[in-house]
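J.: First the structure, then my questions, so here it is.
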Amino acid sequence: MLRQEFMSASNTTGKFAFAASTATEAPSFKSDSWPEKWRTLEDVTAVSKVLEESMRSAGAKRPQLPDTRLHHIASRYEALISVAAAIGARHEIGGLFSALSAELLRVVNFDFIGLSRYDHETSRVDWQLCRPNGVIERDVIDETQGETISAWLYEHRKPLIIPTLNQEPSLPKKINELAGEGIQSLCAMPVICAGRCLGCFVIGSKQPAAYSQEDIRFLSLVTDVIATAMDNAFNFDSLRRTQDDLKAEKGRLQLLLDLTGQIVSNLEIRHLLRTTSAMIRRMIQCDAVAIHLPDKESSSLRLFAINSDEHASRDGENNGRVEGSTSDEEVCKVFRSGKPILSRDNAGYVLPLVSRNRVLGVMELAQQKEQVLLYQDAEFVSQIANQVALTIENAQAYAEIKELKEQLSRENLYLEGEIRSGQGFEEIIGRSSAIRGVLRKIETVAPTDSTVLIYGETGTGKELVARAIHERSSRNSKAFVKLNCAAIPTGLLESELFGHEKGAFTGAIMQRIGRFELANHGTAFLDEIGEIALELQPKLLRVLQEREFERLGGTRTIKTDARLIAATNRNLAACVEEGRFRADLFYRLNIFPIHVPPLRERPEDIPLLVRHFAQHFACRMNRVIDTIPSETMETLVHHSWPGNIRELQNLVEHSVIVSPGPVLRAPLAALQSHSVPNQEGTGHRTLEEAEREHILSTLKETKWVISGPRGAAARLGMNRSTLQFRMRKLGVVRRWME
């Protein structure tokens with residue numbers, strides 16, 4: 001009942017109090033069969049209207065409220081506002097009910113209060129009860145077998161008033177319990193917000209017929225406040241659950257990202273899977289993770305990696321290695337069927353590792369503490385399995401590529417050895433004092449990383465000297481990258497040396513690695529370095545001094561540790577004086593110069609070279625040359641050889657071709673007729689003039705055919721592009737009558 005100071009005038013007369021009577025029939029919660037003493041709010045209103053009309057016909061006047069009564073009513077609604085503020089600040093049902101049970105005593109006298117949340121789909125009732133002894137009880141009731149107050153209020157959405165409770169077996173269980181504790185009258189109000197019935201609000205008293213019409217109306221206001229607070233609490237709870245789900249999902253995505261990072265950082269399959277197993281175990285809080293893979297040698301499924309407390313200590317004793325035991329039948333069944341299964345004892349989950357519709361292995365998860373692995377984490381475990389399958393596929397592809405690469409490397413080394421043993425060009429042939437001096441310089445400078453400048457006439461074997469320096473250096477296991485600067489057009493030489501980025505110039509459809517980047521930790525050999533254009537020389541100087549460069553069209557500075565060996569047939573000192581070569585670059589190149597003598601300065605080496613070339617070409621052509629006439633050798637020794645070793649090599653090859661038997665038949669007459677004039681006739685001619693005349697005579701012999709096996713380029717021992725460049729530089733042009 002309401003507190004005494006909040007009672008209305010109509011209640012003081014006692015005419016509108018409910019009569020308490022004992023129910024002798026079994027009550028039902030269907031409105032058409034209720035006892036007369038149980039009324040809804042509409043019934044109470046009708047009775048009030050009848051009594052008011054009777055008073056009006058008898059001439060009685062309705063009592064007027066005194067001013068103090070108005071003050072009490074105002075105080076009651078002020079208290080209602082305080083109740084609304086107190087319960088509105090609560091964001092969970094438990095806290096809301098605790099605040100309600102404490103604050104509502106300021107407004108209404110009650111001995112029992114209850115708040116329920118009714119789920120119509122499942123008929124589940126979540127109760128918050130404050131019993132007469134002051135104990136707050138929380139309970140969940142499944143009322144699918146019978147009608148309840150909550151169900152009736154949800155259906156009819158009207159207040160329910162029970163003036164007198166009697167403890168009878170036919171009443172609902174909760175009402176019987178309350179009646180047994182002394183509760184005599186009960187008022188239940190539906191909690192409705194935005195057209196949705198959220199549950200019910202129940203209040204009871206140990207006094208019979210304790211709640212009047214005015215009490216019911218006031219409690220309906222209280223119920224409206226409760227409905228808003230409950231709706232806010234439900235929304236807050238839903239938002240909190242959504243936030244928790246998002247937080248959990250974010251955590252799982254972060255774990256998947258960490259797993260992906262581990263995948264790309266290590267491709268050694270055994271170590272990778274052991275690390276992956278440990279990460280998976282931390283992700284889903286399971287007791288053990290095992291990965292089974294097929295064994296090619298035994299054609300069976302074996303345990304490849306495992307992570308658990310038991311195996312962690314065992315791995316420490318076995319130096320981190322996992323025993324390759326055979327997998328059990330359950331794991332093999334999953335591998336064959338490609339479908340996940342729950343283990344026999346419901347303590348784990350066994351699922352296939354599938355990538356590109358191919359089963360690569362099986363992942364086994366063991367969970368001994370709580371059997372929630374399959375139902376709560378199945379989707380997440382499937383995502384992990386996809387990542388692990390990708391891990392295995394990448395690792396297996398990497399292992400296969402690594403094995404093929406090593407095999408290819410071994411084959412390359414074998415083929416290179418075969419080529420070297422067949423050609424023998426890497427060994428410098430000669431016993432003369434001049435060539436021995438060159439070999440001593442090679443032995444001296446090879447162990448260092450200093451820049452070497454090799455100079456000498458064309459065809460003297462400068463590249464062989466450069467390769468001999470590389471083979472005897474500490475860089476011999478790395479690349480020997482060579483480039484003929486005269487064979488590359490000036491516009492493309494920078495790209496060849498330093499590389500270029502995609503789109504650096506027209507036609508640059510992809511990134512290109514330059515020679516200096518390829519020669520990192522190895523040796524870069526630049527032949528014909530005197531042909532490099534002036535505008536490119538500062539970039540080459542920077543590589544020599546700073547050991548860094550940028551690709552053409554790029555901004556990233558690239559470091560390189562390439563040793564430079566340069567070669568030229570020009571007099572670079574004279575080029576510096578003429579302004580065609582930078583002095584600072586010349587000084588940086590000329591740290592350790594090696595002069596390779598021409599063949600005419602070491603005639604004692606000619607017989608060795610002739611025999612070597614004769615045996616080499618005879619072997620390649622499946623012929624036998626075992627005799628070289630003395631007059632032939634004498635003529636070859638006294639020839640001036642302007643083309644040096646390259647000219648001698650070409651002549652011997654020609655001689656082997658035309659020799660029908662085991663005796664070498666050299667075209668000595670042609671050799672004498674095409675000899676370059678002796679030193680007396682060329683005392684006042686420059687090297688360029690002699691070179692121009694030699695190229696011109698060779699072109700006339702070949703009828704100006706440049707390319708091909710019988711062309712001028714092959715006879716001169718140079719590339720076609722190199723010959724064309726030299727022709728343009730020396731002004732060699734075919735006349736129209738030739």
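J.: Find out how many positive minus negative residues lie around residue 643, taking Lys and Arg as positive, Asp and Glu as negative, among other residues whose Cβ is under 12 Å from that of residue 643.
T.: 0
J.: Which residues in the stretch 580-608 have a backbone N closer than 17 Å to a point placed 7 Å from the Cα of residue 431 along the Cα-to-Cβ line?
T.: Within reach of a label on residue 431: 602-608.
J.: Lys and Arg at +1, Asp and Glu at -1: add these up for the other residues within a Cβ distance under 11 Å of residue 115 and post the number.
T.: Once all neighbours under 11 Å are counted, the net charge is +1.
J.: Amide H of residue 706 versus every other amide H placed in the peptide plane: which residues, excluding those fewer than 5 positions away on the same chain, fall under 5 Å?
T.: Here the answer is 712, since their amide H atoms fall under 5 Å of that of residue 706.
J.: So, one more: I need the phi-derived Karplus couplings for the stretch 517-532: 6.51 cos²θ - 1.76 cosθ + 1.60, θ = phi - 60°, integer Hz, Gly and Pro marked x.
T.: Result, ordered by residue: 5, 5, 8, 4, 6, x, 10, 10, 10, 10, 8, 6, 5, x, 8, 6 Hz.
J.: Just order 473-482, 238-247, 515-524, 101-110 by mean Cβ neighbour count inside 10 Å, highest at the front, would you? The partial results should precede the final answer.
T.: Numbers: 473-482: 16.6, 238-247: 10.3, 515-524: 20.2, 101-110: 18.7.
Final packing ranking: 515-524, 101-110, 473-482, 238-247.
J.: When a footprinting reagent is the concern and you count Cβ atoms within 10 Å, what order do 633, 621, 510 take, fewest first?
T.: Values: 633 16, 621 13, 510 8.
By the 10 Å Cβ count, ascending: 510, 621, 633.
J.: Could you list which residues have their amide H under 5 Å from that of residue 594, counting only those 5 or more apart in sequence or on another chain, with H placed in the peptide plane?
T.: Correct list: 453, 454, 455.
J.: Considering all alpha-carbon pairs of the stretch 433-595, what whole percent are spaced by more than 18 angstrom?
T.: Considering the stretch 433-595, 59 percent of its Cα-Cα pairs are separated by more than 18 Å.
J.: Continuing with the same structure: Give, as a single signed number, the net charge of other residues whose beta carbon lies under 11 Å from the beta carbon of residue 580, with Lys and Arg counted +1 and Asp and Glu -1. Don't skip to the end; give the middle numbers.
T.: Working: positive: 570, 582; negative: 531, 577, 578.
Counting the neighbours of residue 580, the net charge comes to -1.
No lab work stands behind these numbers, since they all come straight from the coordinates. In this text the structure is predicted, and so the values were computed from the model without any measurement. As a convention, Cβ positions derive from the backbone with ideal geometry for all residues, glycine included, and neighbour counts pool all protein chains shown.
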